[in-house]
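Worksheet: one structure, shown below.
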Amino acid sequence: MTVHPPAGPRAFPAAPRATGADAERPRSRARAARTAAASLLVATALAATALPARASEHDPKRAAHPLRVLAYAVHPVGVALDWLIVRPAHWVVERQPFKTIFGHED
């Protein structure tokens, strides 16, 4: 004698469904695993294709040029003048009535 399973949509009782936070856990864990795997794959691809970094080569002939040596000495003076004279002057000129007098535009 052959036994046939019952037919139709109600043939087997449905498994109870989880609700609330329990229902989201398996999905969120699967999503987190896929995200981690994709991130690892991208990081591996970037690391594998990265070019080695090199420092620029120092050229003693160019670095010892007299104007370059002078620039090393004069640059801090220029920065000090910028902070002590030019920036405070700009702060004054950008306020009224000086803004109108000097024609400062925003």
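A few comments on the model shown:
- Spin-label model, LEU51/ALA33: points 7 Å from Cα along the beta carbon direction are separated by 4.0 nm.
- Residues GLN96 and VAL74, FRET efficiency given R0 of 35 Å [Cβ-Cβ distance, rounded to 0.05]: 0.45
Computed from the coordinates by the stated procedures, all read-outs in this text should not be read as laboratory data. Remember, it's a predicted structure, so these values are computed and weren't measured experimentally. Glycine gets a Cβ as well: all are built from the backbone with ideal geometry, and neighbour counts include every protein chain shown.
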